[in-house]
Amino acid sequence: MKVITGFHSIEERVNVFAKEKERTQKKADEADNCKIFYNKIGPRVKKILETAQKAGVVSQKVDEAKLDELVQDLPQALQDHRGIVMTVTGEKQSAQNLVDFESWLKQSDEKQKQTVVILDKVTDPHNVGAILRSCDQFGADLVIIPEHNSASNIGENEVIGRTSAGASAWVPVSIVNNLTRAAEMLKQKGFWIYGADAGGETCSNIDFADKTVIIMGSEGNGISSLLEKQCDSIVSIPTCGKIDSLNVSVAAGVLLYELYRRKLQNQK
């Protein structure tokens, strides 16, 4: 059984079921596997319960002790249920390295220096695999991939698995619905966001923050405009070749190495 806490995580799931029911006029099969347990009915919980009812998700009022029991095996940062918990049974087992973004974010305060990579519409599984390999070698803490317009089937894509040399099974990956919102949430947690683009400031001139996010855009269109607005700085890699730019996976590897190199220097 999977246990989910956090208003946004629960709300997002029931919203998906509600939209599915509205579109098809029938309850989503997955809704039968979910159940909401609640105790305190504040405005946010009330809204979730109303949506859950529309979606056909069963809700049950319980005492505080029952909620505490449900979350007792979760990491400490996720045990603050705030009066509502969702359980999911019978869900297909996902890859072990796939992590819930909000859950990861709640625990991000525990580590002072972190590197996150956001892949914006990187659809070629060869590139995704190569980037994951670099993330493994240079110690990236998380890779964020959008659910749509990307090679997001990390655990099932053989090309990603082969190209990453197995790193796709180890590097923590979060698949999110909205990259812009994910970037905003990272900024709220103290991360500085750097977008990779050939027209940016040379990486050697940038004093990267302890908590750094690197955004890699698609080779065709680069970083989307909404996501670019979230960037604190645009960073480039100095080159001397005759073609326009580096392949996205090569560029990611260079930037990750630069961050790792500086980390090693600071440890001396």
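Remarks
- Surface analysis of segment 1-97 yields an accessible area of 61 Å² per residue, using protein heavy atoms and a 1.4 Å probe.
- When only alpha carbons of segment 1-91 are considered, Rg and Dmax amount to 12.6, 40 Å.
- The candidate values were (1) 203; (2) 120; (3) 147; the one computed from these coordinates for volume of the Cα convex hull per residue in Å³ carries the label (3).
- Axis angle, to the nearest 10 degrees, between helix 7-24 and the longest C-alpha principal axis of the chain: 80 degrees.
- Here's how it looks for residue 98: its modeled amide H is under 5 Å from those of 173, which are all 5 or more places away or on a different chain.
- Of all DSSP-defined beta bridges confined to the chain, some 25% are antiparallel rather than parallel.
- For the residue pairs 106/189; 2/189; 26/46; 27/54, the C-alpha atoms sit more than 18 angstrom apart in 2/189; 26/46.
- For the chain, the longest principal axis of the C-alpha atoms and the axis of helix 248-267 are separated by about 90°.
- The H on the amide N of residue 201, modeled in the peptide plane, is under 5 Å from the matching H of 234, 235, 236, each at least 5 residues off or on a different chain.
- Were the residues from residue 80 through residue 16 laid out at 0.36 nm apart, the gain over their Cα-Cα distance would be 20.7 nm.
- Cut-off under 5 Å, modelled amide H: who pairs with residue 215 long-range: 118, 194, 195, 196
- Carbon plus sulfur fraction of accessible area for the chain, probe 1.4 Å, in percent: 46
- Helix 125-137 and the long axis of the chain differ in direction by around 80°, with both axes built from C-alpha atoms.
- Residue-normalised accessible area of segment 200-268, given per residue in Å² at a 1.4 Å probe: 59
The values are calculated or read from the model by the stated rules, or taken from the named source; none is laboratory data. Given the structure is predicted, the values throughout are model-derived calculations rather than measurements. With ligands, DNA and RNA removed, areas are computed over all heavy atoms of the protein, side chains included. Shrake-Rupley method; radii C 1.70, N 1.55, O 1.52, S 1.80 Å.
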